[in-house]
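J.: The structure's right below; bear with me while I get my questions together.
The values are calculated or read from the model by the stated rules, or taken from the named source; none is laboratory data. The model shown is predicted, which means the values in this text are computed figures rather than measured ones. With ideal geometry, Cβ positions are generated from the backbone for all residues, glycine too; neighbour counts draw on all protein chains shown. Areas reflect the complete protein model, heavy atoms only, side chains present, ligands, DNA and RNA absent. Shrake-Rupley method; radii C 1.70, N 1.55, O 1.52, S 1.80 Å.
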Amino acid sequence: MSDERAVPPVRVRVAPSPTGAPHVGTAFVALFNLLFARVHGGKLLLRIEDTDQARSRPEHEHVLIEALGWLGLSWDEGPDVGGEVGPYRQSERLEIYHEHALQLVEAGHAYYSFATPDELDSWRSSGQRGGAPPPYAAERDGDPGAARERAEKGEPYVIRMKVPREGQCVVEDVLRDNISFELDQIDDQVLVKSDGFPTYHLAVVVDDHLMGVTHVIRGEEWINSTPKHLLLYKWFGWQPPKHAHLPLLLNPDRSKMSKRRNPTSIDFYRRAGFQPEALLNYLALMAYPPAPVEGGEGEEKFTLSSLTDRFDLERINLGGSVFDLEKLRWLNGRYLREDMDPTSIVAALKEWAINDTSLSAMAPLMQSRMETLGDFIPRCAFFFASDVDPAVEDLVPKKRAAEEVAQILQTVIWSLEAVDPWESTGVEAAVRSVADYWDWPVRDVTRPLYAAIMGQPVGPPLFESIALLGTDISRVRLQKGVDLLGGVSKKKARSLEKAWTSRS
Ligand code: GLU
């Protein structure tokens, strides 16, 4: 008789860092973890990896949980639903990481380093590994007792892994052949930072172990970190989980999907009026074959539950898929046509746009610009449109060249990236700073902006409108404006951006 109890129940996790707008890549990873958990009758955990104090924010966590919920994803344990192995937020587990780091120091697998950021910077800028050893090299074999004393006296320190100088580490991945890493190519990764917070690498291993995670299913960008994690498992004397690294979502030029080329925020798709089921379906298609159809090519439209019925982790295809907005729009159209009736369309419209929240945000901008209520919808249509089509002549002010305007709009995109909080005053300041920088009158900058953002040369106040549309939709529209004007070559963009970021 086989002893079924010997196989631990499947526990998987999705572990986002709340450092920005909720990313479609997080939904992609959450989806495949959820499918795997469901197929095996296991559990999915949501763990918030907020160890980067400078970038993590509670509001990002809140928006992320909302966005994943909107997509129809759910989890069994997490900061919002509780569970037995919490807390599920890393910032609430500092004591645990600290104890574990000290265990490693005591066992001789990690060491205190007092090298200062300046010393590290000058080593890095002087050519790194090829030349001089890093400033912490001498500390690897220092006296641990003396180092601990210095740390306890309050001298700033980090704790680093003492990665063996020779040997190999083999990463086994459910989806790939084994990958072998030379240990001498792996740096002495920081485990505890000078602010006392753990790095991702320590926290992820300690948590995955203590939370009973059996399978780590995450993005391919973490493969190179896995040897560090496996060393930590070995040093702690723990059995590592199984690993499966999912393919990356790609931009049309096959680079890693990034918000500069493709809208990456789940909120963009929500605001642009996509159906959550269609987006989730599309994300599944990024790495999973369509449903087989007898004698046919396969059905690309499927539900979470029908996908669960045929899901097998090993069938994930690794090619990496190009996220194609047009294809997603096509799939979304099928959902609207095939799964909804006029009544449900009305209900969806009310929930999505014609509701008190969106109308009351727009009413103050429109009140003095209307003679009848009938003026409202046509002039505000751009708020609801998933896309706008500005005319090139509206984008280019008189006596200006399209090429220059493209560069100005591109600079506005960069300038808006720094706006935080996203409010009309910050948006206005960002736009004005571009006008100053290029030494253009503000109206020559706002004119193309009106066209790009609204698809029309005039409309409600620009800065308020940009603020209301949000970062993602505004960025996509400005990018479209740049493209309609012939674009800015990669080379030109690099030099422009360099000059822009180093402006005084
Ligand atoms: N916090 C990491 C991220 O934001 C999680 C990586 C992992 O799943 O191990 O992607």
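J.: Kindly evaluate residue 215 against the criterion of being crowded, with 19+ Cβ neighbours inside 10 Å, within 13 Å of the ligand (Cβ to nearest atom) and either more than 23 Å from the chain's Cα centre (by Cα) or touching a residue at least 40 places away in the same chain (Cβ under 8 Å) (or both).
T.: It is true that residue 215 is crowded, with 19+ Cβ neighbours inside 10 Å, within 13 Å of the ligand (Cβ to nearest atom) and either more than 23 Å from the chain's Cα centre (by Cα) or touching a residue at least 40 places away in the same chain (Cβ under 8 Å) (or both).
J.: Please find, within segment 26-49, the residue that is nearest to the chain's Cα centre (by Cα) out of those that are open to solvent by 20 Å² or more (accessible area, probe 1.4 Å) and within 14 Å of the ligand (Cβ to nearest atom).
T.: Looking at residues that are open to solvent by 20 Å² or more (accessible area, probe 1.4 Å) and within 14 Å of the ligand (Cβ to nearest atom), I get 26.
J.: Could you say whether any residue in segment 256-278 is within 13 Å of the ligand (Cβ to nearest atom), surrounded by fewer than 19 Cβ atoms within 10 Å (Cβ to Cβ) and either on the phi < 0 side of the Ramachandran plot or in a helix (DSSP H, G or I) (or both)?
T.: Checking segment 256-278: at least one residue is within 13 Å of the ligand (Cβ to nearest atom), surrounded by fewer than 19 Cβ atoms within 10 Å (Cβ to Cβ) and either on the phi < 0 side of the Ramachandran plot or in a helix (DSSP H, G or I) (or both).
J.: If a residue must be more than 28 Å from residue 460 (Cα to Cα) and open to solvent by 70 Å² or more (accessible area, probe 1.4 Å), how many such residues does segment 337-365 contain?
T.: 6
J.: Moving on. Can you tell me which residue is modelled with the highest pLDDT among those in segment 395-421 that are closer than 27 Å to residue 269 by Cα and charged (D, E, K, R)?
T.: Here the answer is 417.
J.: Among the residues of segment 173-189, write down those that are within 16 Å of the ligand (Cβ to nearest atom) and either open to solvent by 20 Å² or more (accessible area, probe 1.4 Å) or aliphatic (A, V, I, L, M) (or both).
T.: Answer for segment 173-189, where residues must be within 16 Å of the ligand (Cβ to nearest atom) and either open to solvent by 20 Å² or more (accessible area, probe 1.4 Å) or aliphatic (A, V, I, L, M) (or both): 174, 175, 189.
J.: So residue 61 ticks every box in (1) surrounded by fewer than 17 Cβ atoms within 10 Å (Cβ to Cβ); (2) in contact with a strand residue (DSSP E or B) (Cβ under 6 Å, 6 or more places away or on another chain); (3) closer than 26 Å to residue 190 by Cβ; (4) among the charged types (D, E, K, R) but one. Which box is left unticked?
T.: (1)
J.: Kindly evaluate residue 456 against the criterion of being of a type outside the set (A, V, I, L, M) and assigned to a loop (DSSP other than H, G, I, E, B).
T.: Spelling it out, residue 456 is indeed of a type outside the set (A, V, I, L, M) and assigned to a loop (DSSP other than H, G, I, E, B).
J.: Any idea which of (1) under 20 Å from residue 111 (Cβ atoms); (2) surrounded by fewer than 21 Cβ atoms within 10 Å (Cβ to Cβ); (3) more than 13 Å from the ligand (Cβ to nearest atom) is the one residue 168 doesn't satisfy?
T.: (1)
J.: What do you reckon, is residue 458 closer than 21 Å to residue 388 by Cβ, over 29 Å from the mean Cα position of the chain (by Cα) and modelled with pLDDT of 95 or more?
T.: Criteria not met by residue 458.
J.: Quick test for you: out of 97, 111, pick the one residue that is closer than 23 Å to residue 197 by Cα and in a strand (DSSP E or B).
T.: Going through 97, 111 in turn, just one is closer than 23 Å to residue 197 by Cα and in a strand (DSSP E or B): 111.
J.: Further question: Are any residues in segment 377-396 surrounded by 15 or more Cβ atoms within 10 Å (Cβ to Cβ), more than 33 Å from the chain's Cα centre (by Cα) and within 19 Å of residue 408 (Cα to Cα), and if so, which ones?
T.: 394, 396
J.: It is to be established whether one or more residues within segment 224-235 are farther than 30 Å from residue 415 by Cβ, open to solvent by 40 Å² or more (accessible area, probe 1.4 Å), within 13 Å of the ligand (Cβ to nearest atom) and assigned to a helix (DSSP H, G or I).
T.: So far as segment 224-235 goes, yes, one or more of its residues are farther than 30 Å from residue 415 by Cβ, open to solvent by 40 Å² or more (accessible area, probe 1.4 Å), within 13 Å of the ligand (Cβ to nearest atom) and assigned to a helix (DSSP H, G or I).
Conditions (1) touching an Asp or Glu at 6+ places or on another chain (Cβ under 8 Å); (2) not in a loop (DSSP other than H, G, I, E, B), marked per residue:
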| residue | (1), (2) |
| --- | --- |
| 8 | no, no |
| 25 | no, yes |
| 64 | no, yes |
| 72 | yes, no |
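J.: In addition: Select, from 195, 188, the only residue that is touching a Lys or Arg at 6+ places or on another chain (Cβ under 6 Å) and closer than 19 Å to residue 119 by Cβ.
T.: It is 188.
J.: Taking segment 123-154 as the region of interest, how many residues are open to solvent by less than 70 Å² (accessible area, probe 1.4 Å) and of a type outside the set (A, V, I, L, M, F, W, C)?
T.: 11
J.: Let me ask another. Tell me, which residue of segment 10-23 that is surrounded by 23 or more Cβ atoms within 10 Å (Cβ to Cβ) and not in a loop (DSSP other than H, G, I, E, B) is farthest from the ligand (Cβ to nearest atom)?
T.: Taking the candidates together, the pick is 12.
J.: Return the only residue of 192, 205 being surrounded by 17 or more Cβ atoms within 10 Å (Cβ to Cβ) and in contact (Cβ under 8 Å) with a residue 40 or more places away in the chain.
T.: That would be 192, the only listed residue that is surrounded by 17 or more Cβ atoms within 10 Å (Cβ to Cβ) and in contact (Cβ under 8 Å) with a residue 40 or more places away in the chain.
J.: Still on this structure, I have one more. So for segment 64-83 (the condition being more than 25 Å from residue 279 (Cβ to Cβ), touching a residue at least 24 places away in the same chain (Cβ under 8 Å), of a type outside the set (A, V, I, L, M, F, W, C) and touching a Gly at 6+ places or on another chain (Cβ under 9 Å)), does at least one residue qualify?
T.: Here is the first cut: in segment 64-83, the residues more than 25 Å from residue 279 (Cβ to Cβ) are 82-83.
The next check asks that each one be touching a residue at least 24 places away in the same chain (Cβ under 8 Å); those that pass are 83.
Of the ones still in play, those that are also of a type outside the set (A, V, I, L, M, F, W, C) are 83.
Narrowing further to those that are touching a Gly at 6+ places or on another chain (Cβ under 9 Å): none.
Among the residues of segment 64-83, not one is more than 25 Å from residue 279 (Cβ to Cβ), touching a residue at least 24 places away in the same chain (Cβ under 8 Å), of a type outside the set (A, V, I, L, M, F, W, C) and touching a Gly at 6+ places or on another chain (Cβ under 9 Å), which makes the answer no.
J.: Shifting gears a bit: Among the residues of segment 413-424, are any acidic (Asp, Glu), touching a helix residue (DSSP H, G or I) at 6+ places or on another chain (Cβ under 8 Å), over 27 Å from residue 251 (Cα atoms) and surrounded by fewer than 15 Cβ atoms within 10 Å (Cβ to Cβ)?
T.: yes
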